[in-house]
Amino acid sequence: MARGQPSFVCQSCGAVAPKWSGRCDACGGWNTIVEEAAAIPSGAARSRGKGRPFALEDLKTTDELPPRRTTGIAEFDRVCGGGLVPGSALLIGGDPGVGKSTLILQALASHALQGGHAVYISGEEAMAQVRMRAARMGLAQSPVALGSATNVEDVLSTLESGPTPSIVAIDSIQTIWTSALDAAPGTIAQVRTASFDLVRYAKASGATLLLVGHVTKDGQIAGPKAVEHLVDAVLYFEGERGHHFRILRAVKNRFGPTDEIGVFEMTGQGLMEVSNPSALLLGDRSGTAPGTAVFAGLEGTRPLLVEIQALVAPTGYGTPRRAVVGWDSGRLSMLLAVLEARAGLAMGSHDVYLNVAGGLKVSEPAADVATATALISAFSGTPLPADWVCFGEVSLTGGVRPAPQAELRLKEAAKLGFRAAVVPDGTAADAAGLELKMVRNVTDLVQLAGGRSATRRGRIESDG
Ligand code: TYD
Ligand code: MG
């Protein structure tokens, strides 16, 4: 961009336009484009000002790391990497109504009961509403300092005038605005500036900052990741409507692993920790119907057993339907193609429905074998023994490939009373007392799960 030319930036999606217009071409928002100061020219066009040199230092440190602040909610602390780091900033995103405010309030209340100084600033709810919620969850006695404010200068003056809080939560960043800008609250510029000020306060004071952010329609927190780069950790709180389970997932964490999840259940008294999700997810399993298989999965460091359900029915008319809940539909198409091409199991004239029980989303490739087993079982009408688990990845060649951490998966299955496991050939892990049923490819799987009827049915259909 030429020197000194102003740019026009959409305040809702961040798109840059060469000239002003009433409607943003990128996101379709009206009246969102605002002229911003000229971009800084680069290269020869700009003469470098005089800077002050500073000393560079060693990587090694003699400072002891300050202890992490735990909230006492184990699932939350684990996702954060073992507690909250002083002076760090966390962003907790999620759909409206998923339970972010509930989770934060519980974490703060629990932290305050342990003697920490917790501050909760609500920009969305009135004090009375927050109090009512706390009373309903039995947290009214907890010494959380409560405030209702939306102006970031007010918030910062309040925080700076008292003792430094150990944890301060802002619910939500979309309601916070700074008087330094004219833009409306919730716009990119406001959210970014206000968050920046808050993060700077956290870094300077050593308080841990929790920012709550709503996810917008297109699945991003406050537009184009405006805040994610500012904070040290980004956690997503997710759950399916109509299901009680809520999963807290770290997608970025400068101080811990990002594949950790925390599982909660929403009840009438707030969120309850689920320390053994497998047992709960498999709780109402009957296991005698064809079309179900248990996947021994892994979420972060923790094994998680889930039931995968498939229904295969002849198509009434027209194009066969493929409906998937909790799994990738592209992956289902791939599996169906592999089963047809490599094992002669033609489901081309059948509707296929796939569901992961409990409202969970499974993204591990190791779920392929369980899904294929459920499909084969549904197609052939042969129920799988209720005490079998499966894991392994299916490749396009029809081969079954090993999955990481087999031992952990098998151990969890043994703990929950499973007797046998369908595993990739060559799995050398300690079977933890389980009978291992090795499969080399999908043909083995069809023989194991569908008996002869599946192959026969598949043959007849592919012949005709
Ligand atoms: P909330 O924390 O307000 O969601 P968010 O801050 O993410 O928008 O949670 C709202 C939902 O949680 C609401 O639909 C009711 C439900 N809920 C319960 O089922 N039990 C409870 O004890 C509480 C506090 C909320
Ligand atoms: Mg809320």
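The values are calculated or read from the model by the stated rules, or taken from the named source; none is laboratory data. Model, not experiment: these values are computed from the prediction. No Cβ is skipped: glycine too gets one built from the backbone with ideal geometry, and neighbour counts run over all protein chains shown. With ligands, DNA and RNA removed, areas are computed over all heavy atoms of the protein, side chains included. Shrake-Rupley method; radii C 1.70, N 1.55, O 1.52, S 1.80 Å.
The conditions of being touching a helix residue (DSSP H, G or I) at 6+ places or on another chain (Cβ under 6 Å), modelled with pLDDT under 95 and within 16 Å of ligand 2 (Cβ to nearest atom) are not met by Gly93. Check Ala337 against each of (1) under 31 Å from the mean Cα position of the chain (by Cα); (2) open to solvent by less than 10 Å² (accessible area, probe 1.4 Å) and name the one condition it does not meet. So Ala337 meets the others, but not (2). The requirement of being touching a residue at least 24 places away in the same chain (Cβ under 8 Å), more than 30 Å from Val442 (Cα to Cα) and of a type outside the set (Phe, Trp, Tyr) is satisfied by Ala250. Of the set (1) open to solvent by 60 Å² or more (accessible area, probe 1.4 Å); (2) under 18 Å from Val362 (Cβ atoms), all apply to Ile261 but (1).
Of the residues that make up the stretch 231-250, is at least one surrounded by fewer than 17 Cβ atoms within 10 Å (Cβ to Cβ), modelled with pLDDT under 90 and either aromatic (Phe, Trp, Tyr) or more than 16 Å from ligand 1 (Cβ to nearest atom) (or both)? No, the stretch 231-250 contains no residue that is surrounded by fewer than 17 Cβ atoms within 10 Å (Cβ to Cβ), modelled with pLDDT under 90 and either aromatic (Phe, Trp, Tyr) or more than 16 Å from ligand 1 (Cβ to nearest atom) (or both).
Looking only at the stretch 45-53, decide whether some residue is more than 16 Å from ligand 2 (Cβ to nearest atom) and touching an Asp or Glu at 6+ places or on another chain (Cβ under 7 Å). Taking every residue of the stretch 45-53 in turn, none turns out to be more than 16 Å from ligand 2 (Cβ to nearest atom) and touching an Asp or Glu at 6+ places or on another chain (Cβ under 7 Å).
Within the stretch 80-116, the set of residues being within 17 Å of the chain's Cα centre (by Cα), away from ligand 1 (no atom under 16 Å from the Cβ) and open to solvent by less than 20 Å² (accessible area, probe 1.4 Å) comprises Cys80 only.
Among the residues of the stretch 252-268, the ones that are in a loop (DSSP other than H, G, I, E, B) and within 11 Å of ligand 1 (Cβ to nearest atom) come to 1 in all. Checked against the criteria, Gly398 counts as touching a helix residue (DSSP H, G or I) at 6+ places or on another chain (Cβ under 8 Å), open to solvent by less than 10 Å² (accessible area, probe 1.4 Å) and not aromatic (Phe, Trp, Tyr). Hey, does the stretch 348-357 have a residue that's open to solvent by 20 Å² or more (accessible area, probe 1.4 Å) and touching a Phe, Trp or Tyr at 6+ places or on another chain (Cβ under 9 Å)? Yes, the conditions are met somewhere in the stretch 348-357.
Residues of the stretch 353-402 that are in contact with a Pro (Cβ under 7 Å, 6 or more places away or on another chain) and either farther than 26 Å from Pro314 by Cα or among the aromatic types (Phe, Trp, Tyr) (or both): Gly392, Glu393, Val400, Arg401, Pro402. Scanning the stretch 367-389 for residues that are of a type in the set (Phe, Trp, Tyr) and open to solvent by 20 Å² or more (accessible area, probe 1.4 Å) yields a count of 1. Among the residues of the stretch 444-460, those identified as modelled with pLDDT of 85 or more and open to solvent by 60 Å² or more (accessible area, probe 1.4 Å) are Gln447, Leu448. Take the conditions of a type in the set (S, T, N, Q) and surrounded by 23 or more Cβ atoms within 10 Å (Cβ to Cβ) and apply them to Ser166. Does it pass? In short, no.
Counting just the residues of the stretch 169-218 that are among the basic types (Lys, Arg) and assigned to a helix (DSSP H, G or I), which one comes out most open to solvent (accessible area, probe 1.4 Å)? Per the stated criteria, the residue is Arg200. Among the residues of this structure, Gly83 counts as one that is touching a helix residue (DSSP H, G or I) at 6+ places or on another chain (Cβ under 8 Å) and without any contact (Cβ under 8 Å) to a residue 60 or more places away in the chain. Scanning the stretch 117-148 for residues being in contact with a Ser or Thr (Cβ under 6 Å, 6 or more places away or on another chain), surrounded by 13 or more Cβ atoms within 10 Å (Cβ to Cβ) and of a type outside the set (Gly, Ala, Ser) gives a total of 3. Kindly indicate the residue of the stretch 288-310 that is part of a loop (DSSP other than H, G, I, E, B), over 23 Å from Ser275 (Cβ atoms) and open to solvent by 10 Å² or more (accessible area, probe 1.4 Å) and also modelled with the highest pLDDT among those meeting that condition. Only one residue tops the list, namely Pro290.
Take Leu156 and decide whether it is outside any loop (DSSP other than H, G, I, E, B), under 20 Å from Val251 (Cβ atoms) and either modelled with pLDDT of 90 or more or within 16 Å of ligand 1 (Cβ to nearest atom) (or both). No; evaluated as a whole, the condition is false for this residue.
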